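Read-outs: derived from the displayed coordinates by stated rules, not from any lab. From a predicted model like this one, the values you see are computed outputs, not experimental measurements. Every residue, glycine among them, receives a Cβ derived from its backbone with ideal geometry; neighbour counts consider all protein chains shown.
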Amino acid sequence: MSELFNLTRFKTRRQFIQWGLLAGGITLVGLKLNAPRSEATSLVKVPPVPQDNDLDLSFNPMSILRDFDYGTLKQEDGRTVREFEVFAHSTPIQLNRAITFISWNLNDRVPAPTFRATQGDRVRIIFHNEDGHSHSLHFHGTHPVEMDGVKSVRRGKTFVYEFDAEPYGVHPYHCHVAPVTRHVGKGLYGLFIVDPLEGRPPADEMVLVMGAYDLDSDGKNELYAFNGIPNYYRDRPIPIYQNQLIRLYVLNMIEFDPAVTFHIHANMFQIYPTGRSLEPHEETDVITMGTAERHILEFAYKYPGQYMFHPHQDYIAEHGCMGYFDVIPQEA
Ligand SMILES: [Cu+2]
């Protein structure tokens, strides 16, 4: 794997974002892609990210797609430590032109930050609960019981979660204070990506987290969303380049519905279940995910145009879990 594309080398999220802005619209050359299964080119091209936003939001779902938080890198006793600092808040977010919802969140965004580390790094998450309710952070993955995050952190308190990043793969994290359905439904969930030591081939990487909102607390969801905001990517398609290998980190954090599917139009994807393999498991165009299930999906679009992606529970798709990829032609 190319050193240039080993993104774990970026010391901070800011560095990565700066790099991302630089890379937007620029062709990066000379990289060999170890993905013969794909028709993707050996170049990673990321289109400029649209920043227009007519909703009153404390975050931009278009930026959340590629916003990977690598933490602050430290060396302690000869090993790599990645330190993350997060704050629990209650924040109003405008779900659509009619509905504003009080979310419980980390760093004023739903989903919470996408933490990213390399297998074997020490991970330290400094969790400040500045919200009026008790919360916790429970990580999936392997760690000691004291770091399992099922104990409440009371309002005004700070707790430091610290453990080794293992195993490599894609893991959810979320608040585990009862009723968990409510704390997750309010928005306290996110992705924790652990990269394998050998890395993965270069790709345009994105996060899609499926969530839902039970607006009237009746134990049923009224609205659904990719990355926090219903229909955001339906109304503002995600630009990607034709023939570019896309790597999606997909998580289902929908409460109350036992399972949803994820489907992309006019294409097939390779599945890496739970991100726990370096070789794909199978190829299909729809995958079923129970709550907290997550996968890496890879694909490239052969033809330009706008293509839907959505769960194939069409009620869920029609209530907000709907988006498009806008496949931009590659210049000759
Ligand atoms: Cu909570």
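For the reader, a short list of remarks on this structure follows.
- Output for the range 125-138, where each listed residue is surrounded by 20 or more Cβ atoms within 10 Å (Cβ to Cβ) and more than 14 Å from the ligand (Cβ to nearest atom): Ile125
- Subset tally (residues that are within 21 Å of Val150 (Cβ to Cβ), outside any strand (DSSP E or B) and not aliphatic (A, V, I, L, M)) for the range 167-203: 10
- The number of residues in the range 167-202 that are away from the ligand (no atom under 11 Å from the Cβ) and either closer than 30 Å to Leu43 by Cα or basic (Lys, Arg) (or both) comes to 19.
- Residue within the range 149-156 that is more than 16 Å from the ligand (Cβ to nearest atom) and under 22 Å from the mean Cα position of the chain (by Cα) present: no
- Options Phe163, Phe115, Phe84, Phe101; residue that is under 22 Å from Leu208 (Cβ atoms), more than 15 Å from the ligand (Cβ to nearest atom), in a strand (DSSP E or B) and free of Cβ contacts under 8 Å to residues at least 60 places away in the same chain: Phe84
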